[in-house]
Amino acid sequence: MASDDFNIQYVAHLARLKLSPEEEHTLGAQLGDILGYIEQLKAVDISGVDPTAHPFPLVNIARADVPRPSLPHDEALRNAPLESAGLFTVPKIVE
């Protein structure tokens with residue numbers, strides 16, 4: 001796709017960019033090259049390729065979610081700066 005097929009000023013406006021004429025020329029050429037490469041990719045025969053969300057299988061690396069003993073209530077409140085009725089007391093932040 002040639003750089004004449006799109007309006008670089010319009011693209012810059014959408015991106016909220018103010019470009020100098022030199023930047024328009026440079027970025028227009030670069031964007032034209034990118035769009036040309038995309039056109040090349042569109043020409044590739046992918047009829048035998050299954051659609052995927054990721055090229056490699058993803059494995060969940062998180063540990064298994066199994067129940068285990070939690071921190072005792074008294075120990076959790078031991079270092080609390082303020083405590084009221086067995087709960088953490090925090091400063092009010094909403095008016």
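The values are calculated or read from the model by the stated rules, or taken from the named source; none is laboratory data. Keep in mind that this is a model prediction, so the values were computed, not measured. A quick note on method: Cβ atoms are made from the backbone with ideal geometry, for glycine too, and the neighbour counts reach across all protein chains shown. Please note that ligands, DNA and RNA were not included when accessible areas were found on the heavy atoms of the full protein model with its side chains. Shrake-Rupley method; radii C 1.70, N 1.55, O 1.52, S 1.80 Å.
From the list [x] 2.31; [y] 0.97; [z] 1.01, can you say which value of Cα Rg over 2.2 N^0.38 Å was derived from the structure given?
[x]
Can you sort LEU58, LEU27, LEU41 by 1.4 Å-probe accessible area, starting with the largest?
Correct descending sequence by accessible area is LEU58, LEU41, LEU27.
Whose amide H sits under 5 Å from the amide H of LEU19, counting only residues 5 or more places off or on another chain, with H placed in the peptide plane?
Hits under the 5 Å cutoff: none.
How much area per residue is accessible in the chain when the probe is 1.4 Å and only protein heavy atoms are counted (Å²)?
96
With label points built 7 Å along Cα→Cβ from the Cα atoms of LEU31 and LEU77, find their separation and express it in nm.
Taking the simple label geometry, LEU31 and LEU77 are separated by 6.1 nm.
Quick one: dipole size for the chain, taken about the Cα centre, charges +1 on Lys/Arg Cβ and -1 on Asp/Glu Cβ, in debye to the nearest 20.
Dipole size: approximately 560 debye.
For VAL90, VAL11, VAL66, write out the residues from largest to smallest accessible area, computed with a 1.4 angstrom probe and no ligands counted.
Accessible-area ranking of VAL90, VAL11, VAL66, largest first: VAL90, VAL66, VAL11.
Any idea what angle helix 21-42 forms with the longest principal axis of the chain, computed on alpha-carbon atoms, 0 to 90 degrees, nearest 10?
The two axes meet at around 90 degrees.
As a test of the formula, what do you get for the chain when each DSSP H run with n ≥ 4 contributes -39,500 (n - 2.57) and the sum is divided by the residue count, at 222 nm and rounded to the nearest 500 deg cm²/dmol?
-11000 deg cm²/dmol
If one computes the Cα centroid of region 6-40 and of region 46-91, what distance in Å separates the two points?
Between the Cα centres of region 6-40 and region 46-91 lies a distance of 43 Å.
Taking region 26-95, which trypsin sites (Lys or Arg not before Pro) meet the DSSP loop condition and have no more than 13 other C-beta atoms within 10 Å?
Of the trypsin sites (Lys or Arg not before Pro), the ones in loops of region 26-95 whose Cβ has at most 13 other Cβ atoms within 10 Å are ARG63, ARG78, LYS92.
Given a Förster distance of 30 angstrom, what is the FRET efficiency for SER47 paired with PHE6, based on the Cβ-Cβ distance and rounded to 0.05?
Rounded to the nearest 0.05, the efficiency is 0.55.
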